[in-house]
Amino acid sequence: MKLVIACNTRSSRTIAPALVRILLSCCYLLFCGGLGLAQKAGLSLEPNLKLGRPPSIRVNSDLVLIPVTVLDRDDRSVVGLEKERFRVFEDKVEQVITQFAMEDAPVSIGFAFDASASMRDKLQQSREAVTKLLNTANPGDEFFLVYFNDQVELAVDLTTSTQQLQEQLTFIQPSGRTALLDAIHFSLQRMHSANNVRKALIIISDGGDNSSRYTMTDLKKLVREADVQIYAIGIFDPINVRSQISEELAGPALLRRVAKQSGGLFFEIDNVNQLPDVAYKIGEALRTQYVLGYSPKEMQRDGKYHRVEVKLAQPKGFPQMQTSWRRGYRAPVE
């Protein structure tokens, strides 16, 4: 049996009693015979998810939820798309989208802040970018702050206090080399203690790793399976004056790769004055995500990684859009 309970958070006095009766009926069915009795009774409580409303409460162990961000060519979020515009494939097999919502749910957000010596002239604008992102916070959001140079330090552990993060940012001073991969690894591990279902890691760095113990190979599996969207802000010198050091040349590709694999976004800028606008775009993307849900046609509890692809049908007359999504998931084991 597949049991889904949907409740609209904008309930009125007339809806609340009906909801209570539904919950009591479900409890009675489970108590008197569980799944078998519910199937015989033909019970079907279908979800009622509508674009623009908060997501319903879903109780379904076989449901796969894919957050999808849609941007226009100026990296602005696109809203108002219908479910019929989306197609989902798992391991190249098309799936039936049974859940569809525009979600603005609480998010657990980690900041990985580059405090290496090369960030000296970019530090103040980077602080302002974090402040801009914190100003978009909703009730229920929580945050932590990691800064890194040769080492990785947890400056602020999970908290709902944006003021605490802003205060700690003022104490960060640039020095040393860049252990970027170590910082990503540490942050993803720290996210295991997050309280919200939705999780995002925001990296602010000038790219290039020259001090990490971990390699990209070490990080690949962790990023793929962490269910954390990574938003990377790469702050680089103009290409004609950029250092020819191999680590710095590889910086943009590294950040782009981890962001794409996680279903997040990568922003490459060569002018620190662009940081506030980029921060606004990331905050907007976090708040305006589509959530596509489906029950795999051939649910395999094999513990293996299953690839997911999302295709978007462009509305006529609209500019070209780009989509990002969670690229897959690891199935549970029986």
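The values are calculated or read from the model by the stated rules, or taken from the named source; none is laboratory data. Bear in mind that the values here come from a model prediction, so they are computed numbers and not experimental data. Please note: Cβ atoms are built from the backbone with ideal geometry, for glycine as well, and neighbour counts cover all protein chains shown.
Some observations on this one:
- Looking at Leu292, Leu312, just one residue is in contact with a strand residue (DSSP E or B) (Cβ under 7 Å, 6 or more places away or on another chain) and over 19 Å from Gln229 (Cα atoms), and that residue is Leu312.
- Among the residues of the range 297-327, those identified as assigned to a strand (DSSP E or B) and at pLDDT 85 or above are Tyr305, His306, Arg307, Val308, Glu309, Val310, Lys311, Leu312, Gln322, Thr323, Ser324, Trp325.
- Qualifying residue in the range 153-162 (condition: in a helix (DSSP H, G or I), in the same structural domain as Gln274 (by TED's automatic domain parsing) and either farther than 30 Å from Val197 by Cα or in contact (Cβ under 8 Å) with a residue 60 or more places away in the chain (or both)): no
- Looking across the range 81-140, the residues that are assigned to a loop (DSSP other than H, G, I, E, B), charged (D, E, K, R), touching a residue at least 40 places away in the same chain (Cβ under 8 Å) and out of contact with any helix residue (DSSP H, G or I) (no Cβ under 7 Å at 6 or more places or on another chain) come down to Asp91, Lys92.
- Taking the numbered list (1) over 15 Å from Asp114 (Cα atoms); (2) more than 23 Å from the chain's Cα centre (by Cα) in turn, Thr160 passes all entries but (2).
- Of the residues examined, Phe186 is not one that is farther than 15 Å from Ile230 by Cβ and under 23 Å from the mean Cα position of the chain (by Cα).
- Matching option when the condition is touching a strand residue (DSSP E or B) at 6+ places or on another chain (Cβ under 7 Å), touching a residue at least 40 places away in the same chain (Cβ under 8 Å), surrounded by 15 or more Cβ atoms within 10 Å (Cβ to Cβ) and more than 20 Å from Val272 (Cα to Cα), among Ile184, Ile204, Ile172: Ile184
- Of the residues making up the range 324-331, at least one is surrounded by fewer than 17 Cβ atoms within 10 Å (Cβ to Cβ), in contact with a helix residue (DSSP H, G or I) (Cβ under 6 Å, 6 or more places away or on another chain) and either in contact (Cβ under 8 Å) with a residue 12 or more places away in the chain or in the same structural domain as Phe111 (by TED's automatic domain parsing) (or both).
- Options Thr217, Thr178; residue that is over 21 Å from the mean Cα position of the chain (by Cα), assigned to a helix (DSSP H, G or I) and farther than 22 Å from Thr160 by Cβ: Thr217
- Residue identified as acidic (Asp, Glu), at negative phi and at pLDDT 90 or above among Glu84, Glu103: Glu84
- Residues being among the charged types (D, E, K, R) and surrounded by 15 or more Cβ atoms within 10 Å (Cβ to Cβ) - total across the range 88-105: 4
- The test for being modelled with pLDDT of 85 or more, surrounded by 20 or more Cβ atoms within 10 Å (Cβ to Cβ), within 27 Å of His185 (Cβ to Cβ) and under 15 Å from the mean Cα position of the chain (by Cα) does not hold for Leu255.
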